[in-house]
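Here is the structure we will look at, set down as structure tokens.
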Amino acid sequence: MQKEVGTFALKAGLAEMLKGGVIMDVVTPEHARIAEQAGAVAVMALERVPADIRAAGGVARMSDPALILEIMESVTIPVMAKCRIGHFVEAQVLEALGVDYIDESEVLTPADEAHHIDKRPFRVPFVCGCRNLGEALRRVGEGAAMIRTKGEAGTGDVVEAVRHARAVLGDIRRLQTMPDEELMAFAKDIGAPYELVIQTRELGRLPVVNFAAGGIATPADAALMMQLGVDGVFVGSGIFKSGDPARRAKAIVEATTHYNDPKIVAEVSKGLGQAMVGIGVTQLAEGERLAVRGW
Amino acid sequence: MTIGVLALQGDFAEHSVMLRRAGAEARLVRLPEQLEGLDGLIIPGGESTTIGKLATTFGLMEPLRRFAGQHAVWGTCAGAIFLSKDARRDQPLLGVMDITVERNAFGRQVDSFETELRLPMLESPERPFHAVFIRAPLIDRAGSGVDVLARLEDPEGKGGGRIVAARQGRLLATSFHPELTGDDRFHRYFLTLAGGRGGA
């Protein structure tokens, strides 16, 4: 039997299987089991959730491999882990551990200010953050098999997630009504590979699955992002920094599925206890913003 | 003919596209009343634990079992697990197909693969079918009422001929994802089951 492994179709295909789902940040095997029980489609294994990374300051790096392996052993759903932007050796380590997806993430301190990882030679797929269509297509050009809008991680403020989703989806709508002769100049303006611009125009969507991330804290936040047109959501600090993580996690999963049914979103939102306290994005100093990391 | 696609989570949109290409109507199903009037149902790829939990919370388990007793139902990957009697783990299953599945039977994502299968029941059977296996399950055991449609030859010798597609009357389970290929022959085959012409 001829077998092909590590193809782009397989990398992008796993992301297709995650659609309509919620990917949750977890820092212990116990958290991972709570997330799986609540119906998460995958977990992101981390030493600290973004809100704590923010609070701790200092350099944020890839998590301890021992912790990642423990989390991989504790659940049957896919396990993702983060490496620093441009840190291709952290990515090699994560691949060697056998994680199911690598997030080349602005939540960690970047290792390279000019270059992201060349993701094509890896057998494991990558998800990358973006704030606009150009950034999304540059990452796809480097081999990312899934995209997430960045939002502003660790804040519990959904405003940046909305801004970035509107930027990406708005540019795609604009692209579809553009006359052919403007496409090359558009590709140049947004700094995106021309072929991917053409492909996006033809598909009417990104060439890979597109989740929202960074500031989602409630079932209504998740449904908002889904109605704006993303394929699913990442919830980081929003679950395990809240009063009742198990209930909130389940409610966010249910609201993501039934995002178009306000009665269900209302029902699942009842009595969830304290949401994460959060920080308004406007209160952040420019240097405290994570979304500006990467290009 | 109108085929439902269970849209709790997973790649339901890809199945809808393939159904339309194969000449059927496609309707998304998230609640029990949306099963009304359908000629068949597809349970897509996704995470079987997520799909099972949402189906339980929204009261779909019994309606889906009743539907499967009267209509054609096809599960791909997570959908196949959901149809099975036994997945060797504690998770909600419909249990309508007499098969036992092993989840993530090939390992993790880095072990996902593409290959070609010979599927004699499809149109143009001489043409191989491109099969995409993503963190895929295997069918370990098929009961006496279950026809094995495809096996995977394994040169690495874990015991050849592991089952990746099976049919029990009008119920169909595949470990792989025909919805991710451009080839709609498997969806056309399912439509013959849903129309009763290829039924048990």
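The values are calculated or read from the model by the stated rules, or taken from the named source; none is laboratory data. Everything numeric here is computed off the predicted structure, so don't read it as measured data. Backbone-built Cβ (ideal geometry, glycine too); neighbour counts: all protein chains shown. Calculation scope for accessible area: heavy atoms of the full protein, side chains included, ligands and nucleic acids excluded. Shrake-Rupley method; radii C 1.70, N 1.55, O 1.52, S 1.80 Å.
Compared with its chain on its own, segment B:94-128 contains the following residues whose accessible area drops by 50 Å² or more in the full protein assembly (probe 1.4 Å; ligands, DNA and RNA excluded): B:Arg108, B:Gln109, B:Val110, B:Phe113, B:Glu114. Computed with the Debye formula from one identical point scatterer per Cα of segment A:89-148, without solvent, the log10 of I(q)/I(0) at q = 0.16, 0.18, 0.24 Å⁻¹ comes to -0.46, -0.59, -1.05. The residues of chain B expose on average 36 square angstrom of accessible surface per residue, using a 1.4 Å probe on protein heavy atoms.
Take every DSSP beta bridge whose two residues both sit in chain B, then give the antiparallel share in percent to the nearest 5.
In chain B, DSSP labels about 50 percent of beta bridges as antiparallel.
With charges set only on the Cβ (+1 for Lys and Arg, -1 for Asp and Glu), what does the dipole of segment A:42-188 come to about its Cα centre, in debye to the nearest 20?
The dipole of segment A:42-188 has a size of about 320 debye.
Return the value, in Å² to the nearest 100, of accessible area buried between chains A and B (probe 1.4 Å, both sides summed). Buried area between the two chains comes out at roughly 3200 Å².
Rounded to the nearest whole Hz, the Karplus-based 3J(HN,Hα) values (6.51 cos²θ - 1.76 cosθ + 1.60, θ = phi - 60°) of segment A:110-125 follow the sequence x, 9, 9, 7, 10, 10, 7, 5, 6, 8, 5, x, 6, 8, 7, x, with x at glycine and proline. For chain A, a Gaussian network of Cα nodes joined below 10 Å ranks A:Gly214, A:Gly271, A:Gly86 by mean-square fluctuation, and the top entry is A:Gly271. A cut-off of 5 Å between modelled amide H atoms, ignoring neighbours fewer than 5 places along the same chain, links B:Arg151 with B:Val164.
Which shape class applies to chain A: rounded if a/c is under 1.5, otherwise prolate when a/b exceeds b/c and oblate if not, where a ≥ b ≥ c are the square roots of the Cα gyration tensor eigenvalues? Rounded shape, in that the Cα axes give a/c under 1.5. Across segment B:84-95, computed HN-Hα scalar couplings (Karplus, 6.51 cos²θ - 1.76 cosθ + 1.60, θ = phi - 60°) run 6, 7, 8, 10, 6, 8, 7, 8, x, 10, 6, x Hz from first to last residue, x flagging Gly and Pro. Using θ = phi - 60° in the Karplus curve 6.51 cos²θ - 1.76 cosθ + 1.60, the 3J(HN,Hα) couplings for segment A:289-295 round to 7, 7, 5, 7, 6, x, 9 Hz; x is entered for Gly and Pro. Any chance you could tell me what percent of the C-alpha pair distances in the protein assembly as shown go past 45 Å? Percentage above 45 Å: 9.
The charge dipole of chain B, taken about the Cα centre with unit charges on the Cβ atoms of Lys, Arg (+1) and Asp, Glu (-1), comes to about 300 debye, rounded to the nearest 20.
Ordering A:Ala187, A:Gly215, A:Gln227 by the projection of their Cα atoms onto the charge dipole of segment A:176-281, which places +1 on the Cβ of Lys and Arg and -1 on the Cβ of Asp and Glu, puts A:Gly215 at the extreme positive end.
Accessible surface area normalised per residue over chain A is 38 Å², counting heavy atoms of protein chains with a 1.4 Å rolling probe.
Mean-square fluctuations from a GNM of chain A, with a 10 angstrom spring cutoff on Cα atoms, peak among A:Gly215, A:Gly232, A:Gly141 at A:Gly141.
What shape does segment A:1-126 take by its C-alpha gyration tensor, where a ≥ b ≥ c are the square roots of the eigenvalues and a/c under 1.5 counts as rounded, a/b above b/c as prolate, and the rest as oblate? Verdict is oblate for segment A:1-126.
Here A:Lys188 is the anchor, and the lysines within straight C-alpha reach of less than 29 Å, apart from those fewer than 8 places off in the same chain, are A:Lys11, A:Lys119, A:Lys150. DSSP beta bridges confined to the protein assembly as shown are antiparallel in about 30 percent of cases. Interface residues of segment A:1-25, defined as a loss of at least 40 Å² in heavy-atom accessible area between the chain alone and the complex of all protein chains with a 1.4 Å probe, are A:Met1, A:Lys3, A:Glu4, A:Leu10, A:Leu14, A:Glu16, A:Met17, A:Lys19.
The Cα atoms of segment A:191-295 give a gyration tensor whose axes a ≥ b ≥ c have a/c of 1.5 or more with a/b no greater than b/c, which makes the shape oblate. Filter the DSSP H helices in chain B by two things, a Kyte-Doolittle mean of at least -1.0 and an axial alpha-carbon span of 30 angstrom or more, and list the hits by number. Helices meeting the criterion: none. Straight-distance candidates among the lysines for linking to A:Lys270, with alpha-carbon spacing under 17 Å and chain neighbours fewer than 8 residues away dropped: A:Lys250. Pop out a list of residues from segment B:44-90 that are at least 30 Å² less accessible with all the protein chains around than in their chain alone; 1.4 Å probe, no ligands or nucleic acids counted. Correct list: B:Glu47, B:Thr49, B:Thr50, B:Lys53, B:Leu54, B:Thr57, B:Phe58. Under the convention that each Lys and Arg Cβ holds +1 and each Asp and Glu Cβ holds -1, the size of the dipole of the protein assembly as shown around its Cα centre is about 800 debye. Ranking A:Ser74, A:Val265, A:Gly294 by how far each Cα lies toward the positive end of the dipole of the protein assembly as shown (charges on Cβ) leaves A:Val265 at the top. Carbon-plus-sulfur accessible fraction, chain A (probe radius 1.4 Å, protein heavy atoms only): 52%.
A convex hull fitted around the alpha carbon atoms of chain B yields 109 Å³ per residue. For chain B, a Gaussian network of Cα nodes joined below 10 Å ranks B:Ala105, B:Ala72, B:Ala136 by mean-square fluctuation, and the top entry is B:Ala105.
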